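Just below is one structure, and these are the notes that go with it.
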Amino acid sequence: MNLRQILTAPNQLTLLRMIFLPFIVINLVKDDYKWALALFVLAGLSDGLDGLLARKLHQQTLLGQYLDPIADKLLMSTMFLVLSIEHLIPWKYTVVVFSRDISILLVSGVLFMIAGLRDFRPSVFGKANTFAQVAAIFFALLLLVKPVLWVSIALKFFLRATFTFTILSAVHYAFLVQHRLHVHGAAVELKP
């Protein structure tokens, strides 16, 4: 990996998102919910912006392909964990989110080492899951800033959506892995 990959604007934004994380957590545990919410929104905006810049500036890098999902998982997993520790969301959602993410990481690592598979693009269920997780965390933080009924209802809706899409995306991922292994095995057999 060369320095030019690290210095691209999209990768700098991804690194900035990772830098935001401890400050979001610090403000959350200090009960400074407005700052926690503001920093979380900035982190979310940087996530959308880094992908857009990578495409528009033709700065898609191998580092960015790995760094972006790592930054996303780190942000989401940490936020679910801290919000559960602070008793702001029920533990069952955090356990499901962590279980899926750890399983996918382990399976991806094993498939890469054993079969050399690298194609782990998110499915439509994975994208819906990520959206539901971001929305759930946003509304959990917003509820701390503005404790009104509609925010509470939105939080419950997106927590349930997170639970549902986490399960659906995990099952779908298992089928995709099986299919990719089958295709990969057939391709290996066809090689002379």
I need every pair where a residue in segment 28-57 that is more than 20 Å from residue 133 (Cβ to Cβ) and modelled with pLDDT of 95 or more has its Cβ under 6 Å from the Cβ of a residue that is part of a helix (DSSP H, G or I) and not aromatic (Phe, Trp, Tyr), sequence separation at least 6 or different chains. 34/145; 35/27
What number of residues within segment 50-80 satisfy the criterion of being buried (at least 20 other Cβ atoms within 10 Å of the Cβ) and of a type in the set (Phe, Trp, Tyr)? 1
Pairs returned, first residue in segment 158-171 that is in the same structural domain as residue 95 (by TED's automatic domain parsing), second residue that is of a type in the set (Lys, Arg) and surrounded by fewer than 22 Cβ atoms within 10 Å (Cβ to Cβ), beta-carbon separation under 6 angstrom, 6 or more apart or interchain, are 166/100; 170/100
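The values are calculated or read from the model by the stated rules, or taken from the named source; none is laboratory data. What you are looking at is a predicted structure, and each value in this text was computed from that prediction instead of being measured. For neighbour counting, all protein chains shown are included, and Cβ atoms are generated from backbone atoms with ideal geometry for every residue, glycine included.
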